[in-house]
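*Asks:* One structure follows; several queries about it will come next.
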Amino acid sequence: MSNCTVERCTVETSDGVKLSTKLFKPGEEEEIKKGSPVVVLVHPYSVLGGCQGLLRGIAAGLADRGYKALTFDMRGVGRSTGRASLTGFAEIKDVIAVCKWVSENQSADRILLVGSSAGAPIAGSAVDQVEQVVGYVSLGYPFGMLASILFGRHHKAVLQSSKPKLFVMGTQDGFTSVKQLKNKLSSAAGRVETHLIEGAGHFQMEGPAYDAQMELSWFAMCFWCKIKLLSQQIRERVVKSIFRVRCHPVQPRKHN
């Protein structure tokens, strides 16, 4: 059972929508790791029942390890006002508003933005719109052809961002194949890495059982560690021994 504390608050967006948020913190103030980023988590597709509760396991896991993590219901979900959109473009305002609130109210000059499923393209579109965001983690980005009908216009923003990016995906993801993922990321700017979960499907990555089995809450902090140690020779050894996660750099496509 988690020993973290949870604070509820309301964040207002630029267009007047009020968002219900939860801030997960270590049980004792002195347990908070100083200088670490606050992790903002963006939940899966609102239209299909996505909500912040799906990310509670990851947020609580981060808080138990000394990090602040914030979840929130996007517009039209739970206690948040407004109306959900089909393509997720209105929800970009939600992500920006929450990140700005974190920066102003949690004295955070570094934010790690994590998006799950449809929350990944929405979060990706906000990466370069918030100065304090230092890195991006995607859990099951829907790059596939059918999903691109709804979210294809989000792709360009995250792929062109120079900020470090980590894409976590199951090899049995029904929305994006491993080949589609690699093809998309081959032209991405900046440092891009992937972590493939053998045998995992798309919706497994959203369930609480997967949080416990694969320790998803560590992926975000693993990525942050790699950002901090980017110039050090021992980076890979630290990641493997402490976090037990191997991240694979994406090789850029060679053009003739």
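*Asks:* Simple spin-label model, 7 Å along Cα-to-Cβ: E198 to L48 in nm?
*Replies:* If labels sit at E198 and L48, their model points lie 2.7 nm apart.
*Asks:* Just add up the charged neighbours of A123: K/R +1, D/E -1, any other residue whose Cβ is under 13 Å from the Cβ of A123.
*Replies:* The answer is 0.
*Asks:* Divide the volume of the convex hull of the Cα atoms of the range 83-202 by its number of residues and quote the answer in cubic angstrom per residue.
*Replies:* So the per-residue hull volume is 97 Å³.
*Asks:* What is the dipole size for the range 50-108, taken about its Cα centre, with +1 at each Lys and Arg Cβ and -1 at each Asp and Glu Cβ, in debye to the nearest 20?
*Replies:* 60
*Asks:* Report the accessible area of S2, computed with a 1.4 Å probe over the heavy atoms of all protein chains in place, in Å² rounded to the nearest 10.
*Replies:* It works out to around 40 Å².
*Asks:* Stretch K156-E12 to full length: gain in nm at 0.36 nm per residue minus the Cα-Cα span?
*Replies:* 49.1 nm
*Asks:* Nothing charged except the Cβ atoms of Lys and Arg (+1) and of Asp and Glu (-1): what's the magnitude of the dipole of the range 38-151 about its Cα centre? Round to the nearest 20 debye.
*Replies:* 240
*Asks:* Using unit Cβ charges (K, R positive; D, E negative) and no other charged atoms, how large, in debye to the nearest 20, is the dipole of the range 119-185 about its Cα centre?
*Replies:* Approximately 220 debye in magnitude.
*Asks:* Turning to a different aspect of this structure: Residues in the range 86-112, backbone N under 18 Å from the label point at Q129 (7 Å along the Cα-to-beta-carbon vector): list them, ranges by number please.
*Replies:* Zone members listed by number: 86-104, 111-112.
*Asks:* If I take R0 = 30 Å and measure r between the Cβ atoms of M145 and N105 in this structure, what FRET efficiency does the formula 1/(1 + (r/R0)^6) give, to the nearest 0.05?
*Replies:* It comes to 0.15.
*Asks:* Quickly work out the Q172-to-L86 label distance, labels modelled 7 Å from Cα along the C-beta direction, and quote it in nm with one decimal.
*Replies:* 3.2
The values are calculated or read from the model by the stated rules, or taken from the named source; none is laboratory data. Computed from a prediction, not measured in an experiment: that's the story for all the values here. For neighbour counting, all protein chains shown are included, and Cβ atoms are generated from backbone atoms with ideal geometry for every residue, glycine included. Quick note on the areas: whole protein, heavy atoms, side chains included, nothing else; ligands and nucleic acids left out. Shrake-Rupley method; radii C 1.70, N 1.55, O 1.52, S 1.80 Å.
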